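**Student:** Once you've had a glance at the structure underneath, I'll fire off some questions.
The values are calculated or read from the model by the stated rules, or taken from the named source; none is laboratory data. In this text, all values refer to a predicted model and were calculated from it rather than measured experimentally. Cβ placement follows ideal geometry from the backbone for every residue including glycine, while neighbour counts extend to all protein chains displayed.
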Amino acid sequence: MKMRLILSAVLSCLALGAACAEDGAAGSSASPPAAYSPDLAELMVGAQLRHFKLAFAGRLQNWDLAEYEVVQLRKNFADAAHYFPNFQNVPVAKLIREYSEPALDDVSKSLKAKDSRGFQQAFERLTEACNSCHQAAGMSFIKVRVPTASPFSNQVYKPDR
Ligand code: HEC
């Protein structure tokens with residue numbers, strides 16, 4: 001009984017599948033939705049958020065959370081370089097490769113070594129890399145700094161231990 005139910009379910013799926021394929025062919029004149037492509041400013045707001053969380057996690061020696069935020073920042077930058085290799089004549093991909101990535105590598109190293117002082121220095125360098133690119137883009141009015149207070153009081157930055 002059970003077997004027959006399964007079999008009939010499989011058969012009706014196959015029949016539906018064929019019908020669906022036909023529908024697809026008939027409806028192919030409708031253009032597919034354009035793939036989502038991020039806006040550079042949106043990627044940057046993401047970077048700003050991670051930059052902030054990284055600062056707090058590192059300051060409170062939550063090394064795991066800090067490394068997690070480094071990974072997220074790398075993804076933000078990889079997307080920025082991929083979608084906007086050149087943004088208004090600014091070689092975004094090149095600047096990321098030459099400044100941001102080495103700065104992030106240093107941050108990562110300090111986290112692996114659980115080195116608070118090293119983290120602080122690497123984080124300052126990362127912040128300078130952010131601002132150097134904004135200057136190169138003629139947007140020196142976008143200036144980030146090492147954060148002083150948490151605007152996200154809904155997340156716990158201190159590690160459990
Ligand atoms: C390789 C170049 C580059 C790097 C590196 C870079 N930015 Fe940006 N950033 C830009 C550009 C270009 C814009 C303007 C984007 C636009 O207007 O679409 C921008 C815009 C911004 C904005 C404004 C977004 C808004 O809507 O208010 C913030 C905040 C920001 N960046 C933060 C950061 C932070 C934090 C870092 C470092 C962790 C960083 N950026 C690193 C190029 C860069």
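**Student:** Scan the range 57-87 for residues that are within 16 Å of Y99 (Cα to Cα), away from the ligand (no atom under 11 Å from the Cβ) and of a type in the set (G, A, S) and jot them down.
**Tutor:** A78
**Student:** As an exercise: evaluate L65 against (1) surrounded by fewer than 17 Cβ atoms within 10 Å (Cβ to Cβ); (2) under 19 Å from the mean Cα position of the chain (by Cα); (3) touching a residue at least 12 places away in the same chain (Cβ under 8 Å) and give the number of the one condition it does not meet.
**Tutor:** Here L65 meets the rest and fails (1).
**Student:** Taking the range 103-141 as the region of interest, how many residues are outside any loop (DSSP other than H, G, I, E, B) and within 9 Å of the ligand (Cβ to nearest atom)?
**Tutor:** Looking only at that region, the number is 11.
Residue-wise test of (1) outside any loop (DSSP other than H, G, I, E, B); (2) farther than 18 Å from L126 by Cα.
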| residue | (1), (2) |
| --- | --- |
| A34 | no, yes |
| P38 | no, yes |
| E42 | yes, yes |
| G46 | yes, no |
| R50 | yes, no |
| F56 | yes, no |
| L65 | yes, no |
| H82 | yes, yes |
| L95 | yes, no |
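**Student:** A149 - would you say it is at pLDDT below 95, of a type outside the set (F, W, Y) and farther than 20 Å from A41 by Cβ?
**Tutor:** When the stated conditions are applied, A149 passes them.
**Student:** Applying the selection to the range 104-128, what residues are without any contact (Cβ under 8 Å) to a residue 60 or more places away in the chain and buried (at least 20 other Cβ atoms within 10 Å of the Cβ)? Give the steps one after another, and end with the answer.
**Tutor:** First pass over the range 104-128, keeping only residues without any contact (Cβ under 8 Å) to a residue 60 or more places away in the chain: 104-118, 121-122, 124-125, 128.
Across the range 104-128, the qualifying residues are L104, V107, S110, L111, A122.
**Student:** I've got another one for you. Does V144 fit the bill of being under 19 Å from the mean Cα position of the chain (by Cα), at negative phi, within 15 Å of the ligand (Cβ to nearest atom) and not in a helix (DSSP H, G or I)?
**Tutor:** Answer is yes for this residue.
**Student:** If I filter the range 132-143 for residues that are closer than 20 Å to L49 by Cβ, of a type outside the set (V, I, T) and exposed (fewer than 13 other Cβ atoms within 10 Å of the Cβ), do I get at least one hit?
**Tutor:** yes
**Student:** Continuing with the same structure: Filter the range 29-39 down to the residues that are more than 12 Å from the chain's Cα centre (by Cα) and touching a residue at least 12 places away in the same chain (Cβ under 8 Å) and list them by number.
**Tutor:** Answer for the range 29-39, where residues must be more than 12 Å from the chain's Cα centre (by Cα) and touching a residue at least 12 places away in the same chain (Cβ under 8 Å): just S37.
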